[in-house]
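Q: Provided herewith is a single structure, encoded as structure tokens, for subsequent inquiry.
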Amino acid sequence: WLHIAQVVAREAVRHDFRRVAVLGTRLLMEGPVYSRQLGESGIEQVLPKPDDRTRVHDIILSELVRGQLTRRSQAYLYDLIAGMKAEGCDAVILGCTELPLLIGAERPALPVLDSTRLLAEAAVRHATE
């Protein structure tokens, strides 16, 4: 059994990240999925401010799941990540499968932990062992 948050937490530990921003839907950011796994690994989870959480949630559900990729939303996410770096985060988790559609074309201010990619890689390793 592979748990996406455990896989991401292991990768954060491997890179010695200690304060990690989490981006995703509201439920993902505010729920226990990442906070529990990161906490057990000694990593602090940092969330965007409430208004920013709402905006990220809306970008995912109102745009990305509908195939709408806008430069405005991409710029917003890059600015948000830069702001989280300024607040002391040393990485960002893209906790929603759609976020890599906007994050990645240009290098963001923080190292990215792409949860979907990391889980897929872990599944391949698990299947081939």
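Q: Take the residues in the range 93-109 that are touching a strand residue (DSSP E or B) at 6+ places or on another chain (Cβ under 9 Å) and assigned to a helix (DSSP H, G or I); name whichever of them is surrounded by the fewest Cβ atoms within 10 Å (Cβ to Cβ).
A: Of everything passing the filter in the range 93-109, PRO100 is surrounded by the fewest Cβ atoms within 10 Å (Cβ to Cβ).
Q: Considering the range 18-32 alone, what residues qualify as being touching a residue at least 40 places away in the same chain (Cβ under 8 Å) and open to solvent by 10 Å² or more (accessible area, probe 1.4 Å)?
A: Of all residues in the range 18-32, those touching a residue at least 40 places away in the same chain (Cβ under 8 Å) come to 18-25, 28-29.
ARG18, ARG19, THR25, LEU28 - these are the residues of the range 18-32 that are touching a residue at least 40 places away in the same chain (Cβ under 8 Å) and open to solvent by 10 Å² or more (accessible area, probe 1.4 Å).
Q: Still on this structure, please answer the following. Have a look at ASP52, ASP90, ASP79 and point out the one that is under 12 Å from LEU113 (Cβ atoms), under 15 Å from the mean Cα position of the chain (by Cα) and surrounded by fewer than 20 Cβ atoms within 10 Å (Cβ to Cβ). Steps first, please.
A: Values: ASP52 fails: under 12 Å from LEU113 (Cβ atoms); ASP79 fails: under 12 Å from LEU113 (Cβ atoms).
On inspection, the qualifying residue turns out to be ASP90.
Q: With respect to GLU44, is the statement that it is at pLDDT 95 or above, open to solvent by 20 Å² or more (accessible area, probe 1.4 Å) and at negative phi true?
A: Numbers: at pLDDT 95 or above: yes; open to solvent by 20 Å² or more (accessible area, probe 1.4 Å): yes; at negative phi: yes.
Yes.
Q: All but one of (1) within 30 Å of ALA127 (Cα to Cα); (2) out of contact with any helix residue (DSSP H, G or I) (no Cβ under 8 Å at 6 or more places or on another chain) hold for ASP51; state the number of the condition that does not hold.
A: It is condition (1) that ASP51 fails.
Q: Could you check SER73 against (1) under 15 Å from LEU23 (Cα atoms); (2) among the small types (Gly, Ala, Ser); (3) assigned to a helix (DSSP H, G or I); (4) open to solvent by 10 Å² or more (accessible area, probe 1.4 Å) and say which number it fails?
A: For SER73, the exception is condition (4).
Q: Also, quick follow-up: Checking CYS89 against (1) modelled with pLDDT of 95 or more; (2) out of contact with any helix residue (DSSP H, G or I) (no Cβ under 6 Å at 6 or more places or on another chain); (3) of a type outside the set (S, T, N, Q); (4) part of a helix (DSSP H, G or I), which test does it fail?
A: Here CYS89 clears every test but (4).
The values are calculated or read from the model by the stated rules, or taken from the named source; none is laboratory data. Since this is a predicted model, take the numbers as computed values, not measurements. Cβ atoms come from the backbone with ideal geometry, glycine included; neighbour counts cover every protein chain shown. In case anyone asks, the SASA skips ligands and DNA or RNA and just uses the protein heavy atoms, side chains included. Shrake-Rupley method; radii C 1.70, N 1.55, O 1.52, S 1.80 Å.
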